[in-house]
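The values are calculated or read from the model by the stated rules, or taken from the named source; none is laboratory data. All figures in this text were calculated on a predicted structure; none of them were measured in a lab. Here the Cβ positions follow ideal geometry from the backbone for every residue, glycine too, while neighbour counts run over all protein chains shown.
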Amino acid sequence: MKANKDISYIYNLYVDDLFIYGTYLGFEREVVKDAIHDVFVKITIDSGLLKDVSDIKFYLFKSVKYRLFDLHKKSMREIMIDNTESFEELPFDIELNVEDSLIEEEEQLKVKNEINLMLDSLTNRQREIIYLRYVQEYDYEQISELLKINVHSCRKLVSKAILSLREKFGILINVLVLLS
Amino acid sequence: MKRYTYFLKDSKFIRWQLLSDSCLDEYWKNFIEEHPESENEIHEAITYLKNKGLNKSTLTEKERIILFDRIQETIRHKKKSKLQRLIFFSSAAVAILIIGFLLLYPRQEDKIILADKEHIMGEFLNSEDIQLITGEESMSFQSDIDVKLSEEGKAEIVQNNKDVQQIEIKQDQLNTLIVPYGKRSTLTLADGSKVWLNSGSVLKFPVHFVGNNREISLVSGEMYIEVSPNKKMPFRVLSSDFNIKVYGTKFNVSNYEGSAHSVVLVEGSVSLQSSKSKELFLSPSEQAVYSGDGRFNTQSVNVNQFISWKNGYLEFNKTPMTEVLKQIGRYYNLSFDFGEDSNLQKRTCTGKIYLSENLDNVMTTVSLLSSTKYSKINNKIFITNE
C-alpha cells in the first residue's frame, strides 16, 4: 500500500539516474525505458518487494540492470546462440557533459578532451566502477553485486585502474610539480 | 583567482576525483592548505563533475511524463485483474491494511522538508452529493450520474456506469441538476441534445420542450453541449449574464463565480446577447469572454483546451498556476490557499493532465509541468518550489 503512494515520488527521484545508467551500458533509449517501466510496475504490483529493502536506489539500479540484461539476452537469442551469463560483454560509455553557458566553447572542449582521454584508457568495467563509486557513491559490496563479480575482483579492478592512470597521466604531472 | 574549469582540465585533479590514492589525497590536501582561496572553486569543480558532468540525463520532461503514464497504465490493468481475486478477501484484512496505512503515512521527513518553505496548500473539502430536483422531489447520488430524458417524461439515471434507475418526472415544471465540486454528470435532453456538466454546476431544464423554443439555463458552473439540430425549435441557453441562441451546434459555456464567464464555439453557429450588447455571432474556434460592462471580447482559441475536461483531461498552454489549480480544485473538490509566494503563483503550466481517480498522479503531473514539488501530508496538499 505504502509503496503505491510513494511510487511517483520514487520515480521522480531516481528515473534520471536509472536512465543514465542504462544508456551508459549501451542500451537504446527505448529499451532502457522499457526496463524502467517493467521494474516500476513490478515493485508497485508486488508491494512486498520493497519491504525489506534498505536502499531503494540500489535495489532499483540492480533491478533495472538485470532487467536490461534479460532483454539483451532475449534479443541476442534471436540473432545467434550465445550463452554468456555475465555482464562482462556490456559496454560502458560515460557521456561527458560540459554544457555550461559560463564556459566558452574552447574551454569546454579542453575539459572534455582531458577527461575523455583518461576514461578511454580504462576498460568498460573500470569505467562502470568509477561511475558507481564516484557518482552514485556505492560501496564495493554493492558494486560487486551490480557487476556480478566478487568484492576482491572489484577492488583489483580499481587498483589496476589507478595504476594505469598513474602510468599514463601521472609522470607528466610529477615533472611539473618538480619544476614548480 | 582560478575558475573551477581550471581544475577540470587538470588530470591530477580528475585522477584524484575518479580514482584517488593516498598520494593524490595528500597532494590535494596540501594544495587546499596552501591555496585556501581556491577551495570554493575546487568544490565547485567536484560538484560539477559529480552531478552534471558525469551524470547528465538526456531524458526529456515529456519522455519522463509519458513513461510514468505508461507505468501507471500497466499498473491499472494489472490491478484490475488482481482486484477481482482480492474481492474474496475478508473485509477484516482490508481494515487492518487501512489502519496500518494510516499509522504509517504521515512521514516525519516530509514535514521537515516543508517546515519553512514557501508553499501553496490544498485541502480536501467535504464531499457533497449530486442532486436531481424534480418538482417537489429531490434525489441525491454519491457518484457521477448520466441522466437520459425521454419524450414520455421518463428519466433513466445511470450511476457509476452501472446502477440503472427509472423515474417519472412531472411535466410542467423545471427540473434542476446540481453537480457539486468533485463530481461530473451528463444529461441527455428530451430532444437528444447532450449536456456535459462540469464540477460545481447547476442546470435547470424542462423534462421535454413545449412551444416554439427549447430553453435550458446554466445557473452556474460549466457545461459543454451538443445540440440536436431542429430548425423549427431554436435552442437557447440562458446564463447569468447573457443568453445564447443556438443554430445546431457544439459549444462550451463557462459560468463560474470568480472566473470570467465565457463561451467557446466548437462547431456550428451561436449568437450571444447580454442585456447591454447587440447580438454577437461566434464562429467555430472562437471564444467570447464576457466583460463586466455587458460587452464581449472575442478571440480565436485552441478549442481542445476548453472542452478537454469532458474527455477526462485538462490541457494547458502557459496557463498560470493559479488557474490550473482552480480547475483541479473544482474537479477534485479541493480548496487551494495560495499563500503569499508570488514566485510560485507566477509559474505556468503547459501540457496535458489526465484527470485520473488517483489525485497523486494528477498532482505529480502538475508539479512536473510547472517545475514545482508536490507532497501530501495527511489530507493536505503542499506545492513548493523544486
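From the list B:N378, B:N311, pick out the single residue that is touching a residue at least 60 places away in the same chain (Cβ under 8 Å) and exposed (fewer than 15 other Cβ atoms within 10 Å of the Cβ).
Answer to the check: B:N378.
When the residues of segment B:64-78 are narrowed to those that are over 15 Å from A:L13 (Cβ atoms) and within 7 Å of another protein chain (Cβ to nearest Cβ), which ends up farthest from the chain's Cα centre (by Cα)?
Among those that are over 15 Å from A:L13 (Cβ atoms) and within 7 Å of another protein chain (Cβ to nearest Cβ), it is B:K78.
Being modelled with pLDDT of 85 or more and away from every other protein chain (no Cβ under 12 Å) narrows it down to one of A:K62, A:K42, A:K73, A:K33, so name that one.
Result of the check over A:K62, A:K42, A:K73, A:K33: A:K62.
When the residues of segment B:156-202 are filtered to those that are under 22 Å from B:S217 (Cβ atoms) and among the charged types (D, E, K, R), which remaining residue is surrounded by the fewest Cβ atoms within 10 Å (Cβ to Cβ)?
B:D172
Quick one: which residue in A:E106, A:E128 is without any contact (Cβ under 8 Å) to a residue 60 or more places away in the chain and not aliphatic (A, V, I, L, M)?
Exactly one of A:E106, A:E128 is without any contact (Cβ under 8 Å) to a residue 60 or more places away in the chain and not aliphatic (A, V, I, L, M), namely A:E106.
Filter segment B:25-49 down to the residues that are within 9 Å of chain A (Cβ to nearest Cβ) and at pLDDT 85 or above, then identify the one that is surrounded by the most Cβ atoms within 10 Å (Cβ to Cβ).
B:L49
Among the residues of segment B:246-254, is there at least one that is at pLDDT 85 or above, touching a His at 6+ places or on another chain (Cβ under 7 Å), closer than 30 Å to B:S367 by Cβ and not hydrophobic (A, V, I, L, M, F, W, C)?
The answer is yes; a qualifying residue exists.
(1) more than 19 Å from B:R64 (Cα to Cα); (2) more than 14 Å from chain A (Cβ to nearest Cβ); (3) outside any loop (DSSP other than H, G, I, E, B); (4) not hydroxyl-bearing (S, T, Y): which one isn't true of B:G294, the others all being true?
Of everything listed in (1) more than 19 Å from B:R64 (Cα to Cα); (2) more than 14 Å from chain A (Cβ to nearest Cβ); (3) outside any loop (DSSP other than H, G, I, E, B); (4) not hydroxyl-bearing (S, T, Y), B:G294 misses just condition (3).
Of all residues being of a type in the set (A, V, I, L, M) and part of a helix (DSSP H, G or I) in segment B:297-322, which is modelled with the lowest pLDDT? Just the residue, please.
B:M321
Looking only at segment B:332-358, which residues are assigned to a helix (DSSP H, G or I) and either basic (K, R) or touching a Lys or Arg at 6+ places or on another chain (Cβ under 8 Å) (or both)?
Answer for segment B:332-358, where residues must be assigned to a helix (DSSP H, G or I) and either basic (K, R) or touching a Lys or Arg at 6+ places or on another chain (Cβ under 8 Å) (or both): just B:K346.
Look at segment B:133-166 and say how many of its residues are touching a His at 6+ places or on another chain (Cβ under 9 Å) and either hydroxyl-bearing (S, T, Y) or under 18 Å from B:S201 (Cβ atoms) (or both).
Qualifying residue count, segment B:133-166: 2.
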